[in-house]
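Input: a single structure, listed below in structure tokens.
The values are calculated or read from the model by the stated rules, or taken from the named source; none is laboratory data. Since this is a predicted model, take the numbers as computed values, not measurements. Because the Cβ atoms are built from the backbone with ideal geometry, glycine has one as well, and the counts that use them run over all protein chains shown. Heads up: the accessible areas ignore ligands, DNA and RNA and are worked out on the full protein's heavy atoms, side chains in. Shrake-Rupley method; radii C 1.70, N 1.55, O 1.52, S 1.80 Å.
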Amino acid sequence: MAETKTQATEPKGWLTKLFGFNPSTMKVSTEIVAGITTFLAMSYILAVNPSILADCGMDKNALFTTTAVASILATLVMAFYAKLPFALAPGMGLNAFFCYTVCLGMGYTWQFALTAVLIEGIIFIILTLTSVREAIVNALPLSLRKAIGAGIGLFIALIGLKSGGIVVDDPATLVNLGDITSGAGLLSIIGLVVTGILVILNVPGALLIGIIATAIIGIPMGITQFQGFVDTPPSMKPIFCQFDTDMSQIFSLDMLVVVFTFLFVDMFDTIGTLVGVTTKANMTDKDGKPVRMNQAFMADAIGTVTGACLGTSTVTTYVESASGVAQGGRSGLTAFSVAACFVLALFFAPIFTAIPGSAVCPVLVFVGLFMLSPIKDIPLDDFSESIPAFLTLILMPMTYSISNGILLGLVSYVILNICTGKAKKIGWFMYVLSILVILKYIFL
């Protein structure tokens with residue numbers, strides 16, 4: 001009998017060893033559905049990243065393959081090493097900085113920018129090995145950690161509403177309501193209703209079903225358009241390991257500024273995602289710190305170095321991982337499922353890239369809702385805690401940046417508590433971080 005029981009549980013034993021899967025609290029089907037949900041929520045990067053980086057002269061077809069392969073490799077490190085349900089890919093915002101600021105703005109070649117990304121990734125590995133990144137997270141007050149999760153929720157919701165055409169640019173009022181009576185806006189509204197009903201009825205896989213259903217509804221509306229099914233991945237050769245070999249450029253002041261900017265934004269984007277999502281999912285220790293945090297940071301750092309070698313901008317942990325976590329993903333098996341989807345996407349690109357922003361919009365909006373719950377744990381009556389927490393929360397969507405919300409919330413926490421005689425509760429590392437943040441905004 002003992003032998004039979006061991007044989008029966010052996011497959012899940014392997015899953016535990018490989019992915020940190022806990023058979024007593026997790027289901028394989030849930031982890032896989034969560035991975036597919038995360039992939040669908042972030043699959044836009046397969047179309048957007050090549051489009052952005054091609055503007056600075058890089059080969060667009062090669063960029064598609066590089067984006068997918070970099071995402072696969074980095075996410076597999078997260079799956080097997082960190083054993084966490086997070087996916088990685090070239091970061092939005094960081095790719096725009098790469099192209100429009102470093103290359104088109106400062107006039108440098110994309111090879112120079114790739115070299116900066118490589119250096120940043122190596123520095124990240126060093127910081128992770130010395131646990132500096134973990135020390136930064138540990139230095140953040142609990143109220144700010146709670147606010148980070150809620151702020152990311154608002155930020156994700158804004159991304160969804162924007163991609164679905166519900167929120168649009170307006171030169172007079174900054175943002176405005178888009179056309180919700182036709183086209184993409186109408187499909188997004190339909191998707192919100194369909195997905196909302198599924199969530200309220202507690203249907204398993206509600207978010208994934210919502211994406212698929214909305215995409216299908218978009219076919220007769222002319223919004224979801226398939227342009228084929230199978231294609232061969234283009235070669236990465238035009239951008240593979242194309243680094244700047246000019247030493248005068250590598251050791252220049254501009255290179256230092258570019259590397260530092262990549263480093264700062266990537267670091268706090270990743271910290272924000274890990275802290276926010278793990279807090280919401282209760283994947284924290286007794287002190288409220290994310291589990292296996294250093295391993296997750298290492299996956300991020302390795303992903304950045306690998307991505308630079310393959311020919312893309314900084315690879316980072318994706319905030320859209322929250323959609324899979326909201327679906328129940330808790331182990332590296334979720335991340336492995338995301339990586340598997342990226343492998344399929346290499347050969348079925350026309351199908352995956354056909355999913356419109358309107359189909360992803362409802363999922364991101366509801367994930368934003370799910371992530372708001374940590375607000376109730378912020379001591380709102382203690383203004384020395386709640387004011388910095390609110391600034392952290394609100395500045396993420398308002399500045400369209402996770403890192404801006406964290407950095408400005410951190411500085412406000414230090415300044416307000418010093419000025420009100422509560423400096424004793426601030427650790428020395430918070431002072432160091434605040435000084436670095438202030439210098440960053442002054443000189444960069």
Relative contact order for the chain, counting Cα pairs under 8 Å that sit 6 or more residues apart, in percent: 33 percent
The chain - Cys residues lacking any other Cys C-beta under 4.7 Å: 241, 309, 341, 361, 419
C-alpha center-to-center spacing [the stretch 221-288, the stretch 70-102] in angstrom: 4 Å
Loop-exposed chymotrypsin sites (Phe, Trp or Tyr not before Pro) per DSSP, neighbour cap 12 Cβ within 10 angstrom, longest uninterrupted part of the chain: 1-225
Contact order normalised by residue count of the stretch 325-444, Cα under 8 Å, 6+ apart, percent: 14 percent
Computed over the stretch 46-179: relative contact order in percent, which uses C-alpha pairs under 8 Å that are six or more apart: 14 percent
Candidate aspartates and glutamates - alpha carbon under 16 Å from residue 83, same-chain residues fewer than 8 apart omitted: 31, 285, 300
The chain - share of DSSP beta bridges that are antiparallel (%, nearest 5): 100 percent
Greater than 20 Å apart at Cα, pairs in 280/376; 162/280; 17/280: 162/280; 17/280
Area accessible to solvent at residue 434, 1.4 Å probe radius, in Å²: 10 Å²
Å² per residue, accessible surface of the stretch 70-148 at 1.4 Å: 30 Å²
Cross-link reach list, aspartates and glutamates versus residue 237, counting only Cα pairs under 19 Å and skipping chain neighbours closer than eight places: 55, 59
